[in-house]
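First the structure, in the form of C-alpha cells, and then the observations on it.
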Amino acid sequence: NFINTWIRKKSISELLRWTSSDHTLLEIGCGTGQEAIEVSKHVKRIIATDISNKMIEILSLKLKHRRLEDKIIPVKMSAAEIYRVQELLPDLEINGCYSFNGPLNCEPNIKTFAKHLWEILASPGYFICSIRNTVCMSEEISHLLSLQFGKLAPRRHQPIMVSVGGTDIPAFYY
C-alpha cells in the first residue's frame, strides 16, 4: 500500500531526527517488527512491545533469522503495562519511545499509558507517535466512489472493532 509505505518512511525519518546511536528505545505496538528492524540500525537497542503473542512470535523468528537478538528485545505487553519494562529490564535506560500507525488507538487505558510513560523515560526523554483520527479522507473517498453512503464517517462511532493478529479488539479514534 503506497500510503502506508509513505507513512512508515515519514514516521521513521522523524524518529531518527531525535535518536542517537547510544539510545535505547521503547516501541509500543511493534507488530511483526518492521519499524524496529529498520530503526535498530541507528540505535543501541529497542524494546519492542506488542499485546499479541503471535506478533511477538513472528518478530522473534525474524530477529533470530537476521541475528538481531542483541539489538531488539521483544516483550509481550499492552501499552498500559509499560511500567513492567523497568521490572523486566531494570538496567536499561530508556531514552525514547515511539508508536506508529494505530497501536495506541487499541489501548483502552490510554491515560494509564501516558502516566507510566513519563515514569520510565530517562530525562530528557522523548515520545513520538502517530494515531488514527476520526476522519480518514482516503476511506471516505473510497466509500463515496463505491456509492456506500451508509459507510461514510464510520470512525465517528466509538469504539470500532478491528482485527489485530486474528483477534477482534476495540479501537478508539481521536
For the range 2-33, which positions are open to solvent by 40 Å² or more (accessible area, probe 1.4 Å), assigned to a loop (DSSP other than H, G, I, E, B) and within 29 Å of SER163 (Cβ to Cβ)? THR32
Could you list, in sequence order, all residues of the range 79-119 that are of a type in the set (Val, Ile, Thr), buried (at least 17 other Cβ atoms within 10 Å of the Cβ) and closer than 29 Å to GLN158 by Cβ? ILE82, VAL85
Between a first residue in the range 1-25 that is more than 22 Å from GLY125 (Cα to Cα) and a second residue that is at pLDDT 95 or above and open to solvent by 70 Å² or more (accessible area, probe 1.4 Å), which pairs have beta carbons less than 7 Å apart while being 6 or more apart in sequence or on different chains? none
Of (1) in contact with a Ser or Thr (Cβ under 7 Å, 6 or more places away or on another chain); (2) among the charged types (D, E, K, R); (3) more than 21 Å from ILE12 (Cβ to Cβ), GLU69 satisfies all except one. Which? (1)
Starting from the range 51-63, take each residue that is aliphatic (A, V, I, L, M) and open to solvent by less than 50 Å² (accessible area, probe 1.4 Å) and list its partners that are part of a helix (DSSP H, G or I) and at pLDDT below 95, counting only C-beta distances under 8 angstrom and pairs at least six apart or across chains. none
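The values are calculated or read from the model by the stated rules, or taken from the named source; none is laboratory data. What you see is a predicted model; the values in this text were computed from it and never measured. Every residue, glycine among them, receives a Cβ derived from its backbone with ideal geometry; neighbour counts consider all protein chains shown. These accessible areas exclude ligands, DNA and RNA; they are computed on the full protein's heavy atoms, side chains included. Shrake-Rupley method; radii C 1.70, N 1.55, O 1.52, S 1.80 Å.
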